1. Kindly indicate whether R9 is loosely packed, with under 11 Cβ neighbours inside 10 Å and within 15 Å of the ligand (Cβ to nearest atom).
2. For residues that are among the small types (G, A, S) and outside any strand (DSSP E or B), scanning just the range 12-45, find the one that is farthest from the ligand (Cβ to nearest atom).
Amino acid sequence: MQAYCFKCRRKTEIRNAEQVTLRNGRPAVRGACSSCGTKVFRIGKG
Ligand SMILES: [Zn+2]
């Protein structure tokens, strides 16, 4: 599963990916960039 990392400025693999639900009820995935450890976020199901 991948997400865009704003620090690396590219798509990276999500580490410790966690399925979350936004306030509006939409699914999202939260985790950390596998390269730099910055928090990354992705809308939609993984
Ligand atoms: Zn990164």
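1. On the way: loosely packed, with under 11 Cβ neighbours inside 10 Å: yes; within 15 Å of the ligand (Cβ to nearest atom): yes.
Criteria met by R9.
2. Looking only at the range 12-45, we keep the residues that are among the small types (G, A, S), and these are 17, 25, 28, 31-32, 34-35, 37, 44.
Next cut, outside any strand (DSSP E or B) only: 25, 34-35, 37, 44.
Working: G25: 28, S34: 8, S35: 4, G37: 7, G44: 19 Å.
In this case the residue turns out to be G25.
Any read-out appearing in this document is the output of simple, stated calculations on the displayed coordinates, not a laboratory observation. The shown structure was predicted, so the numbers you read here are calculated from the model rather than taken from an experiment. No Cβ is skipped: glycine too gets one built from the backbone with ideal geometry, and neighbour counts run over all protein chains shown.
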